[in-house]
Amino acid sequence: MNIADFNRVIIYFVILSFTLGCGSFPRRTVPKYDLNKNNINALNGKYTIKAIYSGPTKDTTSAWNFSDSDLEIYPTFFDELNNSLFVKSIKKDTTKIYTFFLKILSTKKMEFNYFEDDSIIKQNTIKYRLKDDGYVYLKYKNFKIIGIPYVFGGFNTKRNRITLNKDTNLLFETSEFKSGGLFLLMINPYSKMKYEKIYQRIE
C-alpha cells in the first residue's frame, strides 16, 4: 500500500468516526429544572464530588446500552471533565471530605473549584452555552487526538451537558465516542458511552 492509498484509508475512517460518533443526547420533553438566562444562577452551589446516582441513557443511534462497569471510568466529577492522559486524578484521603463548587461567572463562562475539606485543590474555568432545551452545554476539550489515529491511537469526542433535577441536585449527561485502534488489526475500532449522573447539592 502506497502513501496515497494509506491516506485515503485514514480519511475514510475519520469520516466514518464522525458519522458514527455524532450521536445525540437522549430526547426528553422538558428537563426537571428548565434553565434559562434568568435563572441560570440556580446552578451556583456546592456538590458532592462523587455521584449519588449513575445509569446508562438511551442511545438514539444504537439498540444497545452500557453496563454499570462502564460508568466507573470517571469516578469523580473532576475526572469527567479532566480525562486527558496528562492530567492527574484527585488522590482521595478517606479521612477527608471532597466537594466541588460551581459558580456562573458570565453568560459564557463558569468556574469549578474542587475542595479537600475547606482547601481548593483543583480548578476549572469552562466556556458554556445555554440552549433553549434548558441544558447548559460545556465547551471543554470536547475533541482529542491520541497518538497517530488508526496507526497507534485514535479520536475521542466527549460531549457534556448539565442541568438541575427536581431536587436541585446537579444532573450531568455525557455522550462519548471513541474511534481508533491498530491499523489493519483495528483493535477497538469504535465505541460509545452514554450515561447520566447526579451530584448531590450540599449548599
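Only the coordinates and a few stated rules stand behind these numbers; no lab work does. Computed from a predicted structure; not experimentally measured. Glycine gets a Cβ as well: all are built from the backbone with ideal geometry, and neighbour counts include every protein chain shown.
Length gain on complete extension for the stretch Glu203 to Asp93, per 0.36 nm per residue less the alpha carbon to alpha carbon distance?
Taking 0.36 nm per residue and subtracting the Cα distance, the gain is 37.4 nm.
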Quiz item: What distance in nm separates the simple spin-label points at Phe86 and Thr125, each placed 7 Å from Cα in the Cβ direction?
Solution: 1.9 nm
Quiz item: Which entries in the list Lys92/Lys166; Lys131/Lys192; Lys96/Lys139; Lys37/Lys96 go over 27 Å, if you measure between the two C-alpha atoms of each?
Solution: Lys92/Lys166; Lys96/Lys139; Lys37/Lys96
Practice problem: May I ask you to derive the relative contact order of the range 70-120, considering only C-alpha pairs under 8 Å and at least 6 residues apart, and to give it as an integer percent? | Solution: 25 percent
